[in-house]
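One structure is given here, and the rest of the page talks about it.
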Amino acid sequence: MKKVFWMALTMVVMLIISGCDAQQTSFNTKEDEEISNINEEDVNWYYGQWIAATNPKFILGVDEDEVLITHAMNGEVETTSTEAVYKEVEGNVNLLLDDSAIKELLPYLFEDGEVASAKGVLIKDEQFKENTGRDSILLTFNTYHPDGTAYEEPISINFTRYEDNSDEEEEKEELERWNSRRTE
């Protein structure tokens, strides 16, 4: 009798566990579908290195999986990283940064305890593109006091795409040397 009871109990537990697994699988599928609906070209636009016009300099690196910020504070160069979370908002793809991401990327903001939390977003800066013709990304985030009230103004850092022209310069110099040899 005990053996039958334990077998029945084991079967019930296995049914419950298998039901939980099926529910988890369907949840993951829904999440994967949501991510795949985002236009891949819009996501790829963010990839690469970006440099801020601020002082101290911030260098932003974005790829499919993570966001890196390198900055020089108090004479030390530090790089922090966080997971990249892409989200479509009103037809535009944005890169969301939650509280832990901002703390990872800009830890110095939280050192004195005056700022308790933050939420941010990286977005295409279309206004900058219209004015200058250059790609720009805008990091904007709100910071919050320990009591939960937001600071009056969000913090914004504008980044432009970093373009390494060193190869072009070398090719140009080589062409000039070649042309100067031909005229001699």
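The values are calculated or read from the model by the stated rules, or taken from the named source; none is laboratory data. Everything numeric here is computed off the predicted structure, so don't read it as measured data. Quick reminder, even Gly has a Cβ in these numbers, built from the backbone with ideal geometry, and neighbours come from all protein chains shown. Accessible surface areas use protein heavy atoms only, side chains included; no ligands, DNA or RNA. Shrake-Rupley method; radii C 1.70, N 1.55, O 1.52, S 1.80 Å.
Provide a single number: the residues in the stretch 64-89 that are loosely packed, with under 13 Cβ neighbours inside 10 Å and in a loop (DSSP other than H, G, I, E, B).
Number satisfying all stated conditions: 4.
Note down all Cβ pairs under 8 Å where the first residue falls in the stretch 156-169 and is under 27 Å from I102 (Cα atoms), the second is open to solvent by 60 Å² or more (accessible area, probe 1.4 Å) and modelled with pLDDT of 70 or more, and they're at least six residues apart or on different chains.
The qualifying pairs are N158/A53; T160/A53; T160/R134; R161/Q49; R161/R134; Y162/Q49; Y162/I59.
Quick check on the stretch 128-183: of everything there that is at pLDDT 65 or above and basic (K, R), which residue is least open to solvent (accessible area, probe 1.4 Å)?
Across the stretch 128-183, the extreme among qualifying residues is R161.
Quick one: which residue in F141, F128, F58 is touching a Ser or Thr at 6+ places or on another chain (Cβ under 6 Å) and of a type in the set (F, W, Y)?
F128
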